[in-house]
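Worksheet for the structure shown next.
The values are calculated or read from the model by the stated rules, or taken from the named source; none is laboratory data. Note that the structure is a prediction, hence the values are computed from the model and not measured. In this analysis, Cβ positions are derived from the backbone assuming ideal geometry, glycine residues included, and neighbour counts consider all displayed protein chains. The protein model used for the area step is the full one, side chains on, heavy atoms only, and it has no ligands, DNA or RNA in it. Shrake-Rupley method; radii C 1.70, N 1.55, O 1.52, S 1.80 Å.
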Amino acid sequence: MANNSDNTADNTAENTADGGIKTDNAFRRIDPYGIYPEPTYSGAISFMRRKFSRDLDGIDVAVTGVPLDTATTNRPGTRFGPRGIRIESTELAWNRPYNWDFDPLDILAVVDYGDCYFDHGRPENMPAAVEAHITEILETDTAVLTLGGDHFLTYPVLCAHAKKHGPLALLHFDAHSDTWEDPDPQRIDHGTMFYHAAKTGVIDTDVSVQVGLRTHNPDTLGITVLDANAVHEMGPLAIAEKIKQVLGDRKVYFTIDIDCLDPAFAPGTGTPVVGGMTPHQALTIMRNLEGIKVVGMDVVEVSPPYDVSGVTALAGATFAYEQLALYAAAWKR
Ligand SMILES: [Mn+2]
């Protein structure tokens, strides 16, 4: 296993196909572990310089994009989100996450699986296509980190995870509950999918928690809500403790809508709401969730056309890296 957590990559031939040239890891990486210096400004843009591969033999986590934005209620553009997050992730792929004492990429074998295909001309077929795409990964006992895409995609992704793991505890960072009442289970709407997830038992609301909300929805469906005011007033450490109490030892699906952040930090998203979390608050909460039993994760709603200097996509890539750290801490340490 490579161990480059001190950022001193070994430039030996074993890690490259051609004997030592450390570039284009998206094609030429042999060892799935570790990070190697590579220019942030060049090369094929995979997530975190992982190898693009659909061979999941021996792989712990597959990263995949779902370039969807047709379920959005306001500004579109999240179909470019997976691409935007991958671009900004290359800036992170030279050093381990700051708040952790290990690099998840040293102990998790991770590949970039590429994107989910669906026919944009047949939007009604999209949910089944996404669920099948995630299912094919999970059937190899590989976990999935999904990059969105508007938040609707989490519903078919959740359904695939629930088939494997049973009803899940949902950990949900967002400005919005996405549990607004919707009588039609066939509707494809990024504001109602967790209503359906709760009603169909895909998630167990008794052990689910939403963080950072700041939009009205009187019916919480029994989900614990720690709204944006609670984060600002209680502070991230107390919030993390409360989250751990709610989740207990249940298997967790962790979804992050980037609009959990204040639009000052994440303008590149479809439905921004002021008064949100700072990146530091969100990172501190995540760092203090070590040990939660996360089995699946996503980062959604990054919309590069509305972004400024890639800051929203950078936050998305950073949070995805944190999710990998949480996954590694739960299952590989
Ligand atoms: Mn949202």
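Among the residues of region 292-306, write down those that are of a type outside the set (A, V, I, L, M) and under 28 Å from Asp141 (Cβ atoms).
Lys293, Gly296, Asp298
So which of Asp119, Asp150, Asp106, Asp141 ends up being at positive phi and either acidic (Asp, Glu) or buried (at least 17 other Cβ atoms within 10 Å of the Cβ) (or both)?
Asp141
Could you please tell me which pairs satisfy a Cβ distance under 7 Å, a separation of 6+ or placement on different chains, a first residue in region 266-290 that is more than 16 Å from Tyr321 (Cβ to Cβ), and a second residue that is within 14 Å of the ligand (Cβ to nearest atom) and in a strand (DSSP E or B)?
As it stands, the answer is Gly276/Leu261; Met277/Leu261, since those pairs meet every condition given.
With the structure loaded, tell me whether Thr255 is within 16 Å of the ligand (Cβ to nearest atom) and β-branched (Val, Ile, Thr) or whether it fails that test.
yes
Restricting to region 216-231, count the residues that are surrounded by fewer than 16 Cβ atoms within 10 Å (Cβ to Cβ) and either within 15 Å of the ligand (Cβ to nearest atom) or in a helix (DSSP H, G or I) (or both).
Of the residues in region 216-231, 2 are surrounded by fewer than 16 Cβ atoms within 10 Å (Cβ to Cβ) and either within 15 Å of the ligand (Cβ to nearest atom) or in a helix (DSSP H, G or I) (or both).
Please specify each residue of region 268-290 satisfying the condition of being of a type in the set (Ser, Thr, Tyr) and either touching an Asp or Glu at 6+ places or on another chain (Cβ under 6 Å) or within 16 Å of the ligand (Cβ to nearest atom) (or both).
Residues satisfying the conditions are Thr269, Thr271.
Can you give me the number of residues within region 291-304 that are within 14 Å of the ligand (Cβ to nearest atom) and assigned to a strand (DSSP E or B)?
Residues meeting the conditions: 3.
Within region 153-187, which residues are surrounded by 24 or more Cβ atoms within 10 Å (Cβ to Cβ) and among the acidic types (Asp, Glu)?
Answer for region 153-187, where residues must be surrounded by 24 or more Cβ atoms within 10 Å (Cβ to Cβ) and among the acidic types (Asp, Glu): Asp174, Asp178.
Residues checked against (1) among the polar types (S, T, N, Q); (2) more than 16 Å from the chain's Cα centre (by Cα):
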site: Pro263; (1), (2): no, yes
site: Thr269; (1), (2): yes, no
site: Val273; (1), (2): no, yes
site: Thr284; (1), (2): yes, yes
site: Gly296; (1), (2): no, no
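Sort out which residues of region 305-326 are over 17 Å from Thr90 (Cα atoms), open to solvent by 30 Å² or more (accessible area, probe 1.4 Å) and in a helix (DSSP H, G or I), and write them in order of number.
Within region 305-326, Pro305, Tyr306 meet the criteria.
Is it fair to say Ala329 is touching a residue at least 24 places away in the same chain (Cβ under 8 Å), buried (at least 24 other Cβ atoms within 10 Å of the Cβ) and either assigned to a helix (DSSP H, G or I) or basic (Lys, Arg) (or both)?
No: the conditions fail for Ala329.
Across region 247-288, what is the number of residues that are assigned to a strand (DSSP E or B) and open to solvent by 30 Å² or more (accessible area, probe 1.4 Å)?
1
Give Tyr117, Tyr113, Tyr195, Tyr98 a once-over and let me know the one that is under 15 Å from the mean Cα position of the chain (by Cα) and hydroxyl-bearing (Ser, Thr, Tyr).
Every option except Tyr113 fails the conditions.
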